[in-house]
Amino acid sequence: MKSSIIICLTLFIGIAFGSCKNNQQSENATTLSTVSSSNSVHIEVKYAQGFSVSYHDNYRLVDVQDPQHESETVYRYALVNRGQSHEGIPKDYTIIEVPVQKVVCMTTLQLSNFIKLDAIDKVVGMTSTHYLFNQQMKDRIKNGQASQIGIEGNFDNEVVMALDPDIILVSPFKRGGYESIKDLNIPLVTFLGYKETSALGQAEWIKFTAMLLGIEQQANSQFAEIEKKYQDLMTLASKADKKPIVLSGEMRSGNWYVVGGKSFLAQQFRDAGAEYFLKDNSETGGINMDFESVYSKGADADFWRMLVSHDGDYSYEAMKQSDARYADFKAFKEKKVVYCNLRQKPFYEKAPVEPEVVLADLIKAFHPELLPDHKPVYYELLH
């Protein structure tokens, strides 16, 4: 009897130990699998026209080019995991060791990517903090964890060098020069999300940013959610009975700056179930028009979209004071101005990576019956 009990106990202990060992091996395997898969997560570029990526044994090649094809320049980067060999990388590619730890941002659109990816702690420098909303970035600058580096064309090279960033994100087609920082031996990485002609294309640059940070899986997941919500809203907007015409812009220094009919904004209006007042125009970028030309095409537009930088609450009276002729437009008379006040809302800091929220705002304005419970975040009707 005793021997039977001992045998049973021995078997039980053996099975239990074996089970624990197997569980431990399983946990180790899962951990290794997770680590391994996180290093090999691929991204698929679906909407962005400005960057592409190809995968190789120990590096990724990323090509960046103008989404609007106004420039034929291609910027080439090889992303290599830290500590891995650089062997085999084509000579015309700038090598970037990833994940990067310290980044300088030149624009709020670039910053928006880090906000969306919860990676503000990687931003050690930026240009102007005028109208900066993000509290974490404000605190980093206040506490000396990040610094202002000056403005485009007038950077403080000593500050930049002291920050010792891994990369500096730049927008080479914007005004201002980068010549002064080209000699600092810090890789300049071209970021052209602002030139995308679709909202999902612009938002997809979080995948580009995530490759630099080594968090592709997170970006894939976040973008899939953005894409789903955006497409659902587009489907909803397509059910609208009519498509209103939308005017955009305002007079500045004697000219009315408008974007073309194939632009990002024109596409966003279409996604929201509306038509741009220059829908037959084939330009993707911006153009200047005189007042008479705009009036002849947009006087009877149903809505008028505006981005304003107004101190205090904006109003129809404020519009009229800036130019009395505004009162002659149908959208003004019928109080159908859709606006966002940049002094009150973090439009440039967040909207580029929240296209589904912007789209919901526009649908709410153009077709309120489709989204009766939506509360505007960026754009709203002026009262």
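Key figures
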| item | result |
| --- | --- |
| Sole residue being closer than 30 Å to LYS102 by Cα, of a type in the set (S, T, N, Q) and part of a helix (DSSP H, G or I), chosen from GLN217, GLN268, GLN231 | GLN217 |
| Meets criteria (open to solvent by 50 Å² or more (accessible area, probe 1.4 Å), within 18 Å of the chain's Cα centre (by Cα) and at positive phi) for ASP164 | no |
| Any hit, segment 70-83, residues being modelled with pLDDT of 95 or more, surrounded by 10 or more Cβ atoms within 10 Å (Cβ to Cβ) and of a type in the set (Gly, Ala, Ser) | yes |
| The listed residue being under 29 Å from GLN344 (Cα atoms) and open to solvent by 10 Å² or more (accessible area, probe 1.4 Å), out of LEU169, LEU132, LEU188 | LEU132 |
| Test set (1) over 19 Å from ALA351 (Cα atoms); (2) at pLDDT below 95 - VAL104 fails condition number | (2) |
| Test result for VAL62, under 21 Å from TYR194 (Cβ atoms) and either modelled with pLDDT of 95 or more or open to solvent by less than 30 Å² (accessible area, probe 1.4 Å) (or both) | yes |
| Residue within segment 112-122 that is within 18 Å of ALA351 (Cβ to Cβ) and exposed (fewer than 14 other Cβ atoms within 10 Å of the Cβ) present | yes |
| Single residue of segment 327-342 satisfying the filter (open to solvent by less than 60 Å² (accessible area, probe 1.4 Å) and touching a residue at least 40 places away in the same chain (Cβ under 8 Å)) that is farthest from ALA360 (Cα to Cα) | PHE329 |
| Output for segment 197-214, where each listed residue is surrounded by fewer than 24 Cβ atoms within 10 Å (Cβ to Cβ), out of contact with any strand residue (DSSP E or B) (no Cβ under 7 Å at 6 or more places or on another chain) and either hydroxyl-bearing (Ser, Thr, Tyr) or outside any helix (DSSP H, G or I) (or both) | THR197, SER198 |
| Filtered residue count, segment 99-145, keeping only those that are assigned to a loop (DSSP other than H, G, I, E, B), closer than 27 Å to SER221 by Cβ, more than 18 Å from the chain's Cα centre (by Cα) and not polar (S, T, N, Q) | 3 |
| Selection count, segment 208-226, where residues are touching a residue at least 60 places away in the same chain (Cβ under 8 Å) and either more than 30 Å from ASP156 (Cα to Cα) or small (Gly, Ala, Ser) (or both) | 10 |
| Filter result (of a type outside the set (Ser, Thr, Tyr), under 30 Å from the mean Cα position of the chain (by Cα) and in a helix (DSSP H, G or I)) within segment 332-349 | PHE347, GLU349 |
| Counted residues, segment 366-383 - those being without any contact (Cβ under 8 Å) to a residue 40 or more places away in the chain, surrounded by fewer than 16 Cβ atoms within 10 Å (Cβ to Cβ) and within 14 Å of ARG305 (Cα to Cα) | 0 |
| Which listed residue is surrounded by 13 or more Cβ atoms within 10 Å (Cβ to Cβ), in a strand (DSSP E or B) and of a type outside the set (D, E, K, R), from MET319, MET306 | MET306 |
| Qualifying residue in segment 167-185 (condition: within 26 Å of GLU97 (Cα to Cα), touching a Pro at 6+ places or on another chain (Cβ under 9 Å) and in contact (Cβ under 8 Å) with a residue 40 or more places away in the chain) | yes |
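Condition check ((1) closer than 28 Å to GLU356 by Cβ; (2) surrounded by fewer than 19 Cβ atoms within 10 Å (Cβ to Cβ); (3) modelled with pLDDT of 95 or more) across all residues:
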{"site": "GLN267", "(1), (2), (3)": "yes, no, yes"}
{"site": "ALA274", "(1), (2), (3)": "yes, no, yes"}
{"site": "LEU278", "(1), (2), (3)": "yes, no, yes"}
{"site": "THR284", "(1), (2), (3)": "yes, no, no"}
{"site": "ASN288", "(1), (2), (3)": "no, yes, no"}
{"site": "GLU292", "(1), (2), (3)": "no, yes, yes"}
{"site": "ALA299", "(1), (2), (3)": "no, yes, yes"}
{"site": "ASP311", "(1), (2), (3)": "no, yes, no"}
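The values are calculated or read from the model by the stated rules, or taken from the named source; none is laboratory data. Just so it is clear, the structure is predicted and the values come from calculations on it, not from any experiment. Here Cβ is always computed from backbone atoms with ideal geometry, including for glycine, and neighbour counts include all displayed protein chains. All accessible areas refer to the heavy atoms of the entire protein, side chains included, with ligands and DNA or RNA removed. Shrake-Rupley method; radii C 1.70, N 1.55, O 1.52, S 1.80 Å.
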